[in-house]
Amino acid sequence: MCGIIGYCGPKNATKVIVQGLRRLEYRGYDSAGIAVGSNGSLKVIKSKGKIKDLHNKIPEDLESTYGIGHTRWATHGVVNDINAHPHVDCTGDLAVVHNGIIENFESLKNMLKAEGHTFHSETDSEVIVHLIEKYFKDDLEKAVKEALPLLKGTFGIVCVHAKEPGTIVGARNGSPLVMGIGLDEMFLASDVTAIIAHTKQAVYLEDGEIVVIKPDGFVTTDIDDRQVTKEIEQITWELQEIEKNGHPFFMEKEIIEQPESIRRAISGRIDKDQATAHLGGLNLSTKDLTNIERVKIIAAGTSYYASMVGAYLLEAIPRIPAIAELASEVRYRNPIIEKNTLYFAVTQSGETVDTLYAMKELKRKGATVLGICNVVGSSIARDSDGGVYIHSGPEIAVASTKAFTSQISVFYLFSLLLARMRDLSFSEGEKFIQDLQSIPFKVEKILDMRLKIKEMAKKYAHCSDFLFLGRGVNYPVALEGALKLKEISYIHAEGYSSAEIKHGPIALINEDTPSLFLVPDDDLRGKIISNIKEVKARKGKVIAICVEGDEEIKDIVDDIVEIPKTTELFYPFLMVIPLQLFAYYCALELGRDVDQPRNLAKSVTVE
Ligand code: AGP
């Protein structure tokens, strides 16, 4: 949602902070700012726009050895310089950056104004700095601890005071905060991408923890001043994984990484001797797995569509009733927790607040919730009852691509595991494993034809509306394709079940509204062909993602993308790649900011 960072140590803090903000920019990029200690006071520089706009405002010779920074995704208050963080108190000596939402900020603002505090911004976050100022005498940590209990909502905050040069105080409640431990230098940040260039030693803070960092060390306590012992963990990602490595955009890099990221998601988890899968971290006994009578999956966005594929697989393979539900809906629906029901929370970032708080609600009511996450040490990964990391590597582009195929990889493995404990035979299990292990090679073949998809995108990128149609296990893929197109090209797109088009959406069909159909060579192919003909009869343009060698369809539609053949249930892997590429190339054709589309952020940590 927002990126926050703090640094103290021997390096030029301004440079370290700005570099860190560049790596955090994918979390939000409406505006940015820094507050650094300089000659006994704080130098605060803020700017609407991106980090490059902020950087242009920073004097080349601005020296400092400590400071904080922020890159914003606006929630309260328009995008402008004043609403950018850091926010400072009335003296200008105290600065705070915040990630999250303060829900009771109006009442706090009124109270503080009545006590003489002057506010400048429209943000909720500004109340934090004035609240700390209210309690500050000569101890920043103490003032923070007196202020925090009055805040309702979520926060990850980092703050500095000119009277305590070199000291940085951080606190976490509902928004992520990780500490980096360097040689005579310390970092605080929203996630490890901001610190990985300096250190691989990390400490993940939990809700309710406060940390004070100085160049020579750190102290973690809780709100009641009790010491909290923290484990130092090794960051597993490499720096080059968060670089573009010659690609114009992270999105292109991450689409092309998918043969490798799918291999990483399944590697070490297939047991050929038993023709099954092993998923460490589920924290479920064999008996627990046998007793599962139902699976419910909560997620948001692309992860929700991956969850829909997962639910379909669980019903098709181990024949277990399963459903994917929007986390934001489950949280406030007073969910019914059924016995012998296993829940999954699926999330790339592990920080999506809709999913995090829906999981907390389910757990509060006694449910067992496992996480399927990408970011190690993320809030959902840490709060869940166990789970599976998808190992897709850092996904920096706002539009999720490799996480989707890695998430469904985990559902294929889990479906195999449960099915082999039920009715799937050894030879069926062996065939399943062969199909799964062939997928990366087939994805490579599709990637090899990406320039054909680029040409097709040029032809259609200027349309204003699209329909994406799929059936069965590919219906969620149609939904995902529509989301990809709209979120990075800003073209309106809707996903539907193919059969559903005749129940209304077909009214939208005209020569300027293309329909993109997913046409696997499965039992429903004939019916999908009928749906295509219904569209063609109304002069609609049709693009078909079909199986190589499907000669009949070439005479019916306007454009085709041929994908390799695979077993019916495995088509989601292959159908989604052309849709990712189509969205990417349409966005390029339209000159969009592909990695950081307008109004979006990589991890939505507000409701
Ligand atoms: C996907 O391209 C979007 N960026 C968005 O829908 C995303 O999938 C959603 O916000 C969920 O994020 P998560 O997987 O990190 O929970």
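Please treat every number below as a calculation from the coordinates, not as lab data. Not measured: the values here are computed from a predicted model. As a convention, Cβ positions derive from the backbone with ideal geometry for all residues, glycine included, and neighbour counts pool all protein chains shown.
Selection of the stretch 172-187 for residues being within 9 Å of Gly156 (Cβ to Cβ) and outside any loop (DSSP other than H, G, I, E, B) yields Arg172, Asn173, Gly174.
Exactly one residue among Leu424, Leu416 is of a type in the set (A, V, I, L, M), in a loop (DSSP other than H, G, I, E, B), over 29 Å from Ile196 (Cβ atoms) and away from the ligand (no atom under 14 Å from the Cβ), and that residue is Leu424. Being out of contact with any helix residue (DSSP H, G or I) (no Cβ under 9 Å at 6 or more places or on another chain), small (Gly, Ala, Ser) and either free of Cβ contacts under 8 Å to residues at least 24 places away in the same chain or away from the ligand (no atom under 16 Å from the Cβ) (or both): is that true of Gly540 here? Here the answer is no, as Gly540 does not meet what is asked.
Kindly evaluate Ile323 against the criterion of being in a strand (DSSP E or B) and within 14 Å of the ligand (Cβ to nearest atom). For Ile323, the condition - in a strand (DSSP E or B) and within 14 Å of the ligand (Cβ to nearest atom) - is not met.
Here is a yes/no grid of residues against (1) crowded, with 24+ Cβ neighbours inside 10 Å; (2) within 14 Å of the ligand (Cβ to nearest atom); (3) within 19 Å of Val606 (Cα to Cα):
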| residue | (1), (2), (3) |
| --- | --- |
| Arg319 | no, no, no |
| Arg331 | no, yes, yes |
| Asn340 | no, no, no |
| Met359 | yes, yes, yes |
| Val376 | no, yes, no |
| Lys402 | yes, yes, no |
| Thr405 | yes, yes, no |
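So, in the stretch 60-72, of the ones that are in contact with a strand residue (DSSP E or B) (Cβ under 9 Å, 6 or more places away or on another chain) and in a loop (DSSP other than H, G, I, E, B), which residue ends up surrounded by the most Cβ atoms within 10 Å (Cβ to Cβ)? It comes out as Ser64. Scanning the stretch 188-225 for residues that are closer than 21 Å to Glu141 by Cα, among the β-branched types (Val, Ile, Thr) and part of a loop (DSSP other than H, G, I, E, B) yields a single hit, Ile223. Does the stretch 267-285 contain any residue that is within 26 Å of the chain's Cα centre (by Cα) and within 16 Å of the ligand (Cβ to nearest atom)? No. Considering the stretch 380-400, the residues that are touching a Phe, Trp or Tyr at 6+ places or on another chain (Cβ under 9 Å) and part of a helix (DSSP H, G or I) include one that is nearest to the ligand (Cβ to nearest atom), namely Ala381. Taken over the stretch 463-496, the criterion of being within 13 Å of the ligand (Cβ to nearest atom), closer than 25 Å to Glu315 by Cβ, in contact (Cβ under 8 Å) with a residue 40 or more places away in the chain and not acidic (Asp, Glu) is satisfied by Pro476, Leu479, Gly481, Leu483.
Among the residues of the stretch 320-343, not a single one is of a type in the set (A, V, I, L, M, F, W, C), out of contact with any His (no Cβ under 8 Å at 6 or more places or on another chain), over 27 Å from Phe432 (Cα atoms) and in contact (Cβ under 8 Å) with a residue 40 or more places away in the chain. Selection of strands (runs of 3 or more DSSP E) fully inside the stretch 439-550 by the criterion of at least 2 residues being more than 27 Å from the chain's Cα centre (by Cα) returns 515-519, 542-547.
Name the single residue that is nearest to the chain's Cα centre (by Cα) among those in the stretch 361-374 being more than 11 Å from the ligand (Cβ to nearest atom) and assigned to a loop (DSSP other than H, G, I, E, B). It comes out as Ala367.
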